[in-house]
Amino acid sequence: MPRLMLVVLAFAVCAISAAPATAQTGLSGISTSVMTLDRNFDIADKNHDGLLSKDEANAGHVPFIVKNFDAIDTQHRGLVSKEDVHNFIKQGLGRNSPTPAASTKPN
């Protein structure tokens, strides 16, 4: 009987330790996309000032930035930084998060 308990315990430990790795795979696609976007941002930034103009974005391989340029450029300066792009992505992800359940007030 103790051997069976040991096997069950070992299985439980393995099952629990695998859970975080599975949970992280949901964000791996987003993470990969952002890394690719950052790389392409750097390539499109021809004058290497850390900012993309609309012209640089149109000439570069950053269709996401081109499509959303005006929304990303919240300061309306005609330039976007990586931080601006990341903030835009974070806001978009935040809009898709589930609404918390309504709390009930104790009587």
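Scanning region 29-42 for residues that are touching a residue at least 60 places away in the same chain (Cβ under 8 Å) and of a type outside the set (A, V, I, L, M) yields a total of 0. Set side by side, the residues Asp49, Asp45 differ, and just one is charged (D, E, K, R), surrounded by 14 or more Cβ atoms within 10 Å (Cβ to Cβ) and either free of Cβ contacts under 8 Å to residues at least 24 places away in the same chain or in contact with a Cys (Cβ under 6 Å, 6 or more places away or on another chain) (or both), which is Asp45.
The rows are residues; the columns are (1) among the polar types (S, T, N, Q); (2) in a helix (DSSP H, G or I); (3) out of contact with any helix residue (DSSP H, G or I) (no Cβ under 7 Å at 6 or more places or on another chain).
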{"residue": "His61", "(1), (2), (3)": "no, no, no"}
{"residue": "Asp70", "(1), (2), (3)": "no, yes, yes"}
{"residue": "Gln75", "(1), (2), (3)": "yes, no, yes"}
{"residue": "Asp84", "(1), (2), (3)": "no, yes, no"}
{"residue": "Phe88", "(1), (2), (3)": "no, yes, no"}
{"residue": "Gln91", "(1), (2), (3)": "yes, yes, yes"}
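Within the option set Arg39, Arg95, Arg3, being loosely packed, with under 14 Cβ neighbours inside 10 Å, at pLDDT 90 or above and of a type in the set (Lys, Arg) holds for one residue only, Arg39.
The values are calculated or read from the model by the stated rules, or taken from the named source; none is laboratory data. This is a predicted model, so every value here is computed, not measured. All Cβ positions, glycine included, derive from the backbone under ideal geometry; neighbour counts span all protein chains shown.
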